[in-house]
Amino acid sequence: MIEPSSLAGYGQLIMANTTDIEIAVLGGGCFWCTESVFTLLGGVVDVTPGYAGGRVASPSYERVCQGDTGHIEVSRVRFDPSILSFETLLRVFFATHDPTSLNRQGGDVGEQYASAIFCQNDGQLAVAKRVVAEVERDLGTAVVTRLLGADPFWPAESYHHDYYARNPNQGYCRLVISPKVAKFRKRFSSLLAH
C-alpha cells in the first residue's frame with residue numbers, strides 16, 4: 001500500500017510540469033476536423049472541442065448551428081511550448097484548413113465555421129499577425145482568419161469529444177476528416193506524437 005505522505009513530492013512534480021502548459025483556441029471549420037489533427041501533434045496535452053466568440057452563455061450545438069449566437073466552433077489546445085511552439089501550431093492550423101474562405105470550410109457554411117484565432121495574450125497576437133502575413137505572402141491572396149481576444153470558451157457536448165476517433169466509419173469522418181488527417185500525417189510526420 002502506498003502511504004499518502006509518499007505522494008507529496010509527486011503532486012508537486014506534476015504541478016511544476018503543468019505550469020508550463022499554454023492554451024491556444026483555434027477555429028478552422030468543423031471542430032471534429034481540427035480536434036482530429038491537433039490530437040496527433042507531439043507536445044499537445046489535450047484538445048477540447050467547443051465554442052467561442054458568441055453572445056450567449058453556455059451555448060448548445062443546436063443553437064450554434066442556427067447561426068444566431070455568434071459562436072465559432074473551436075478546438076482548445078493545451079500544449080507544452082517546450083515541445084510544440086505556438087508558431088508551429090499555427091503553421092499546422094493554416095495548412096489543415098482553408099483560411100481564405102469566409103465563414104466556410106468545404107460544405108460547412110455559416111459563421112460558426114469561421115477561421116479564427118482567439119489569442120490568449122499579446123505574445124500570441126504578435127505571432128499570429130506574423131504567421132498570417134507569411135501565409136498571405138505564400139498563398140498570394142488575403143487570409144480571412146479573424147484574430148480575436150481571449151473570449152470565454154464553452155466546451156461542446158460530450159458526444160463531440162474525440163468524435164473522429166470514436167466514429168471513423170461515419171460518412172463525414174470517412175469523406176472529410178480521414179483525407180485531411182492522412183494529408184496532415186504525410187506533410188507533418190516529424191511533428192507527430194510518438
Ranked by how many other beta carbons lie within 10 Å on average, peptides 89-96, 23-30, 186-193, 151-158 from highest: 23-30, 89-96, 151-158, 186-193
Dipole of the chain, Cα-centred, from +1 at each Lys and Arg C-beta and -1 at each Asp and Glu C-beta, to the nearest 20 debye? 600 debye
Measuring from label point to label point, each 7 Å out along Cα→Cβ, what is the residue 162 to residue 87 span in nm? 3.4 nm
Length-normalised contact order for segment 21-189 - Cα pairs under 8 Å, 6+ apart - percent: 31 percent
Decide, for segment 113-179, between rounded, prolate and oblate: order the square roots of the alpha carbon gyration tensor eigenvalues as a ≥ b ≥ c, take rounded if a/c falls under 1.5, and otherwise choose prolate if a/b is larger than b/c, else oblate. oblate
Amide H within-cut-off set for residue 46, under 5 Å, with H built and near neighbours excluded: 78
Stretch residue 126-residue 66 to full length: gain in nm at 0.36 nm per residue minus the Cα-Cα span? 18.3 nm
Label-point separation (nm) for residue 20 and residue 80, each offset 7 Å from Cα along Cα-to-Cβ? 0.7 nm
Compute the Cα gyration tensor for segment 21-189, then decide on rounded, prolate or oblate, letting a ≥ b ≥ c be the square roots of its eigenvalues: rounded whenever a/c is under 1.5, prolate when a/b is larger than b/c in the other cases, and oblate in all that remain. rounded
Report the one residue of 133, 88, 156 whose Cα lies farthest in the direction of the positive end of the charge dipole of segment 38-168 (charges on C-beta: Lys and Arg +1, Asp and Glu -1; origin at the Cα centre). 133
Could you rank the peptides 69-77, 133-141, 41-49, 110-118 by their average count of other C-beta atoms within 10 Å per residue, with the highest value first? 69-77, 110-118, 41-49, 133-141
Suppose R0 equals 35 Å. What FRET efficiency, 1/(1 + (r/R0)^6) with r the Cβ-Cβ distance, do residue 95 and residue 55 give to the nearest 0.05? 0.65
Taking a ≥ b ≥ c as the square roots of the Cα gyration tensor eigenvalues, with a/c under 1.5 meaning rounded and otherwise prolate when a/b beats b/c or oblate if not, segment 44-108 comes out oblate
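Computed from the coordinates by the stated procedures, all read-outs in this text should not be read as laboratory data. The structure presented is a predicted model; accordingly, all values stated were derived computationally and were not measured. Positions of Cβ are backbone-derived with ideal geometry, glycine not excepted, and every protein chain shown enters the neighbour counts.
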